[in-house]
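The values are calculated or read from the model by the stated rules, or taken from the named source; none is laboratory data. Predicted, not measured: the structure shown is a model, and the values here were computed from it. All Cβ positions, glycine included, derive from the backbone under ideal geometry; neighbour counts span all protein chains shown.
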Amino acid sequence: MRILDYVHDRPLKQVTIYLTPDEAKSLYKQLGDLISKPKLPHAHIEDDSFTREITIAIYTPANISQFGERSRRLIEKDE
């Protein structure tokens, strides 16, 4: 597991996420899609106002090249 704070460009070790039931359902669906459709390496879950977003990604050795340089550095080196 890797967590990136994009605003401050640094890895995080812990995060707490508070979701509404609808947001949790969206996250659940998006995770299922990512697992069943490996050509989609990431997905976005937004709140109703589109002011907050969670990006989720599934990474494997086979798809690491699909990620940008910053994401690969986090995944490979945890930095």
Subset of the stretch 31-71 [modelled with pLDDT of 90 or more, touching a helix residue (DSSP H, G or I) at 6+ places or on another chain (Cβ under 6 Å) and not aliphatic (A, V, I, L, M)]
59
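Which ranges mark the strands (runs of 3 or more DSSP E) fully within the chain that have 3 or more residues being under 13 Å from the mean Cα position of the chain (by Cα) and not basic (Lys, Arg)? Working first, answer last.
Working: elements: 3-5, 10-12, 42-46, 53-57.
It comes to 3-5, 42-46, 53-57.
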Can you tell me which condition residue 59 does not meet? The list is (1) closer than 23 Å to residue 8 by Cα; (2) surrounded by fewer than 15 Cβ atoms within 10 Å (Cβ to Cβ); (3) of a type in the set (Phe, Trp, Tyr), and all the others hold.
(2)
